[in-house]
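Below: the structure, in structure tokens.
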Amino acid sequence: MNQKNSKIALVTGGNRGIGFAIAQGLQAKGYRLIVTARSLDKAQAAAAKLGATTIPLELDISSDRSIEQATTTLKQNIEQLDVLVNNAGIYPDSNVDILTTTRDLLALGMNTNAFGTILTVQALLPLLEQSQDPRVINISSGMGALDGLTTTAPSYCLSKLALNGATIMLAQSLESKGIVVNAICPGWVKTDMGGTSAPRSPQEGADTAIWLATEASRDKSGKFWRDRHVISY
Ligand code: NAP
């Protein structure tokens, strides 16, 4: 597989929702796509919709073993990674609040939304370092901003708050390597997670991530964005 002449982007949880819309948008801009899903079947189905050059990959970011296996497979297929979109996420809270949530629910959100993203960046760093224009985009949420914390979504909010903190720290750590790291809030988007009442389409939710991955100036790293503007953490 010769991947040398085109930029390569990987979208975690790229099989549906905002992740699939980001993958579609990047492909329309000429990027070669790696689309990951928790099962290879789902990744293959998404890749088939995106086009023949898309590589499907099984990846569960809550599992170190899965991250390791996916990284090994990737390194056999590509020599560099230009864009990493950490989109995979869960909303574990249902009928709980900050006074009734459990350790397990809190851990579930952290393990996927925050820790999974950090460990995915660690694993893929050698491939990002081979790029001339490496960019990492973390799909966060306004519910992880200090003024967006909501008592009825403790696991989700705290995990996205942690993801925002990780974005700042990763940007600091990777500045010397020229790797730009940013977080975005896609707004409230009509997906399995966002529900049918959400006002935004997946394409609208994907716009800022696609822009940061492709066109945005590289001079802002460690920032939090919505609608192509920096917002407060
Ligand atoms: P979605 O439709 O529920 O899709 C979530 C995606 O994440 C799926 O592809 C899912 O894969 C994947 N995923 C979940 N856990 C994973 C894991 N452990 N490892 C790898 N992949 C995993 O949600 P969405 O609305 O598109 O959300 C995408 C991102 O946007 C999330 O980070 C979410 O927090 C964020 N966000 C969404 C909204 C909104 O209104 N929708 C608002 C703010 C932020 P499977 O198909 O295998 O389950």
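The values are calculated or read from the model by the stated rules, or taken from the named source; none is laboratory data. All figures in this text were calculated on a predicted structure; none of them were measured in a lab. Neighbour counts run over all protein chains shown; Cβ positions are idealised from the backbone, glycine included. What goes into the accessible areas is simple: the full protein's heavy atoms, side chains included, and nothing from ligands, DNA or RNA. Shrake-Rupley method; radii C 1.70, N 1.55, O 1.52, S 1.80 Å.
A few remarks follow.
- Check on Thr71, over 20 Å from Pro202 (Cα atoms), at pLDDT below 95 and open to solvent by 10 Å² or more (accessible area, probe 1.4 Å): no
- Evaluation of Leu26 against the conditions (1) among the aliphatic types (A, V, I, L, M); (2) touching a helix residue (DSSP H, G or I) at 6+ places or on another chain (Cβ under 8 Å); (3) under 17 Å from Thr72 (Cα atoms); (4) more than 13 Å from the ligand (Cβ to nearest atom) shows that the sole unmet condition is (3).
- Residues located in the range 161-189, provided they are of a type in the set (Lys, Arg) and over 25 Å from Glu215 (Cβ atoms): none
- Residues within the range 145-157 that are closer than 20 Å to Asp104 by Cβ and either open to solvent by 60 Å² or more (accessible area, probe 1.4 Å) or not in a loop (DSSP other than H, G, I, E, B) (or both), tallied: 6
- Residue in the range 168-178 that is aliphatic (A, V, I, L, M), open to solvent by less than 10 Å² (accessible area, probe 1.4 Å) and within 27 Å of Asp104 (Cβ to Cβ) present: no
- Checklist (1) assigned to a helix (DSSP H, G or I); (2) among the polar types (S, T, N, Q); (3) more than 10 Å from the ligand (Cβ to nearest atom); (4) within 22 Å of Leu10 (Cα to Cα) applied to Ser66, failing item: (3)
- A count restricted to the range 217-233 and to residues that are open to solvent by less than 40 Å² (accessible area, probe 1.4 Å) and in contact with a Leu (Cβ under 9 Å, 6 or more places away or on another chain) stands at 2.
Residue-by-condition table, conditions (1) in a helix (DSSP H, G or I); (2) more than 13 Å from the ligand (Cβ to nearest atom); (3) more than 19 Å from the chain's Cα centre (by Cα); (4) not aliphatic (A, V, I, L, M):
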residue: Thr53; (1), (2), (3), (4): no, yes, yes, yes
residue: Pro92; (1), (2), (3), (4): no, no, no, yes
residue: Asn95; (1), (2), (3), (4): no, yes, yes, yes
residue: Gly109; (1), (2), (3), (4): yes, no, no, yes
residue: Pro126; (1), (2), (3), (4): yes, yes, no, yes
residue: Gln130; (1), (2), (3), (4): no, yes, yes, yes
residue: Val136; (1), (2), (3), (4): no, yes, no, no
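- The set of residues from the range 1-23 being in a loop (DSSP other than H, G, I, E, B) and within 9 Å of the ligand (Cβ to nearest atom) comprises Thr12, Gly13, Gly14, Asn15, Arg16.
- Taking the criterion of being within 24 Å of Gly109 (Cα to Cα) and either among the acidic types (Asp, Glu) or more than 10 Å from the ligand (Cβ to nearest atom) (or both), the only residue of the range 203-216 that qualifies is Thr208.
- For Leu81: the one exception among (1) surrounded by fewer than 21 Cβ atoms within 10 Å (Cβ to Cβ); (2) within 19 Å of Leu125 (Cα to Cα): (1)
- Residue within the range 39-51 that is closer than 24 Å to Asn182 by Cα, near the ligand (Cβ under 10 Å from one of its atoms), assigned to a loop (DSSP other than H, G, I, E, B) and without any contact (Cβ under 8 Å) to a residue 24 or more places away in the chain present: no
- Considering each residue of the range 182-202 in turn, at least one proves to be assigned to a helix (DSSP H, G or I), at pLDDT 95 or above and either open to solvent by 20 Å² or more (accessible area, probe 1.4 Å) or within 12 Å of the ligand (Cβ to nearest atom) (or both).
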